[in-house]
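Working notes, structure below.
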Amino acid sequence: AYLGRDGFRKGMDLYFKRYDGHAVTCDDFVAALADSNDIDLSGFVRWYAQAGTPQLSVKRMTDEASAITLDFVQHVPETAAKTPRDPLPIPISLGFLDAAGQPVATSLTPNGPSADEHVILMKNAEHRQAFYAGSAMASNAVLIPSLLRNFSAPVVLDDDLSASERLHVMAHDSDRFNRWDAAQTLAADAIIAEATGGGRLDADAAALSGAYRKVLDEADLLDAFKASMFALP
């Protein structure tokens, strides 16, 4: 997620060149990735040494008319050992969808190069990042974030997407993991609401079934993926 396919492949090539036939450690693996890409990955060692699944909270800020700003906060819960928890480096792959479900190119600086997808490396407990979408922002278009694309880090995600926005992601996102994850969340919410007495849902049954129908109608989706979308959470 962080080094990209080519960078990861360079690291794997060096890893096998150095250690083929030898006993190795996780540190050796990280070192090969770092050396082959000339980058410091020492913080990633904490993923191997520190217990506890990080919880990542992502909230949108609307105080800038020219950009959409995301606030990231991570928390690593204590385990039974009660040992101190340090922030982990978290690669966050993300993009944005417009009202038609199409990807929106954004840049990390006002006049910087734009891309449909970015990978942000969160190194500290908190991180704030602005995204500039040019004409899309000027037209007051509503942009929906597609977060943690392709499950770029094994964390528990807490976002501020509404049910209708999650339906939009489920129906349109080009990232298959996020479509599946949105369907799982929406289905779980519907089941819990029904089980607890038919509580009101932001997304009604017609909207949810419409999103499922769109999934079934897409000819380029594998049947196995469609089946996973319908699996109960």
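Some points to look at:
- Qualifying residue in segment 143-155 (condition: open to solvent by 30 Å² or more (accessible area, probe 1.4 Å), of a type in the set (A, V, I, L, M) and at pLDDT below 95): no
- Yes/no for residue 181 being outside any loop (DSSP other than H, G, I, E, B), within 15 Å of the chain's Cα centre (by Cα), of a type in the set (Asp, Glu) and closer than 19 Å to residue 59 by Cα: yes
- Residue count for segment 24-58, restricted to those that are at pLDDT below 95, outside any helix (DSSP H, G or I) and among the small types (Gly, Ala, Ser): 2
- With respect to (1) exposed (fewer than 13 other Cβ atoms within 10 Å of the Cβ); (2) at pLDDT 95 or above, the lone exception for residue 180 is condition (1).
- Strands (runs of 3 or more DSSP E) contained entirely in segment 78-175, each with at least 1 residues that are aliphatic (A, V, I, L, M) and in contact with a helix residue (DSSP H, G or I) (Cβ under 9 Å, 6 or more places away or on another chain): 90-97, 117-122, 144-146, 156-158
- Taken together, 231, 187, 211 contain a single residue that is open to solvent by 30 Å² or more (accessible area, probe 1.4 Å), at pLDDT below 95 and not charged (D, E, K, R), which is 231.
- You will find that of 173, 158, 189, the residue that is touching a residue at least 12 places away in the same chain (Cβ under 8 Å) and under 25 Å from residue 107 (Cβ atoms) is 173 and no other.
- Subset tally (residues that are open to solvent by 40 Å² or more (accessible area, probe 1.4 Å) and either closer than 26 Å to residue 125 by Cβ or in contact (Cβ under 8 Å) with a residue 24 or more places away in the chain (or both)) for segment 1-28: 7
- Filter result (more than 26 Å from residue 83 (Cβ to Cβ) and in contact (Cβ under 8 Å) with a residue 24 or more places away in the chain) within segment 36-55: 36, 37, 39
The values are calculated or read from the model by the stated rules, or taken from the named source; none is laboratory data. Predicted model only: the values in this text are computed from it and were never measured. Glycine also receives a Cβ, built like all others from the backbone with ideal geometry; neighbour counts cover every protein chain displayed. Side chains included, ligands, DNA and RNA excluded: accessible areas come from the protein's heavy atoms. Shrake-Rupley method; radii C 1.70, N 1.55, O 1.52, S 1.80 Å.
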